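Just below is one structure, and these are the notes that go with it.
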Amino acid sequence: MSEPEISVIVPIYNVEKYLDVCLESIRNQTFTNFEVLMVNDGTLDNSVEIAEKYTKLDSRFKLYHKKNGGLSDARNYGLERAKGKYVAFIDSDDRIREQYLESMYDAIIKYNADIAVCDFCFYYQNSGKIRKSNKKRIDNNRVYEKNDAVRELVRDRQFRFYAWNKLWKISLFKDNDIKMPIMIYEDMVASTNLFCHAKSVVSVDYCGYVYTRAFSKYREVSMSKKRINDYIKTVGCMRKILEECGLYKTAKKPFFRHKMHVFLSVPLLVIQAHNELENGILKNSFAGMKRVIDFSHIPVDKLDEVMENGAIF
């Protein structure tokens, strides 16, 4: 039996409410030459029973079990076992439209790109409605060479940092030893690294990925000191990648925008997490904002050490 063209990785953790819809949307794809790696990340609910049903219904679905390690760890587990030439990440509480894999695959093959990216929609649980993510449409079959693609990603407007609305050539991970970092906001770091190693990216004007949200109006998840630390850390991680790949000057303006967004967000995040923090809102806000500035200016060869040992909260 020939190897699949696409490996679809689905991490599973306490998603029994959504999993059947997610897996059924993958099973009903018009593109059929794929495998599905369902990674049970130590789920505590009935998600395993749902996943097992699909292994019996469809031989393309494979279920793996591991101890709980979080989203990045589950994705990395799947990457190590993926047999496809391309890989797609589908979060288990989301779904994809029936031509998602076909439209992405056709574009990435036709234009010999390393990454294909499409638009996405939001499914709002409180209203049951599906709406487009934003007013700005992704250009159809536009090919971005490396420098333009990196700038567009770091700008975080059309492409966005998400790992899940993209089809990736799996050699980007394996040839460059790239893994999903074990942190919150992992997509910001991983996508920057992957785009920096890609020769070209093709955009597909198809709203193929449907992201689940609880409410029509945006509400941030509960804030924690780890979440704040990791968000600040993205500044250092992204700068290090851009510098080491020789693309910092190319992406300097959009990177500055990301840095300033993090810088200005720190006080609000600290207020949201104040019950978990010591030293008060004002002192913590200044400490966090200073660390953003530090990550922008300290020598690149010192970034790893500071990021490893430099948690503020």
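Quick note: the coordinates plus some simple rules give every number you see, no bench work behind them. No experiment lies behind these values; they were computed from the predicted model shown. Neighbour counts run over all protein chains shown; Cβ positions are idealised from the backbone, glycine included.
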Checklist line | Value of relative contact order over the range 225-309, rounded to a whole percent, pairs C-alpha under 8 Å and six or more apart | finding: 42 percent
Item checked: Whole-angstrom gap from the range 227-274 to the range 11-26, using each part's C-alpha centre -> 32 Å
Item checked: Top of Q29, Q125, Q272 by mean-square fluctuation, Gaussian network on the chain, Cα under 10 Å -> Q125
Checklist line | Distance histogram in 5 Å bins (all Cα pairs of the range 225-309, percent per bin) | finding: 3, 15, 27, 22, 17, 10, 5, 2, 0
Notebook entry, point to check: Rounded to the nearest 20 Debye, what is the dipole magnitude of the chain about its Cα centre when Lys and Arg each give +1 and Asp and Glu each give -1 at the C-beta?
Noted result: 1080 debye
Item checked: the range 6-213: radius of gyration and largest Cα-Cα distance (Dmax), Å -> 16.0, 45
Notebook entry, point to check: Rounded to the nearest 500 deg cm²/dmol, what is the calculated helix-only ellipticity per residue at 222 nm for the chain, with -39500 (n - 2.57) per DSSP H run of length n ≥ 4?
Noted result: -13500 deg cm²/dmol
Notebook entry, point to check: Which of Y209, P254, Y18 sits farthest toward the positive end of the charge dipole of the chain, with +1 on the Cβ of Lys and Arg and -1 on the Cβ of Asp and Glu?
Noted result: P254
Next item on the list: Excluding residues on the same chain fewer than 8 positions from K199, give the lysines whose Cα lies under 18 Å from its Cα.
Entry: K85, K110, K146, K166, K169, K174, K249
Next item on the list: Let me have the relative contact order for the range 38-155, percent, based on Cα pairs under 8 Å that are six or more residues apart.
Entry: 16 percent
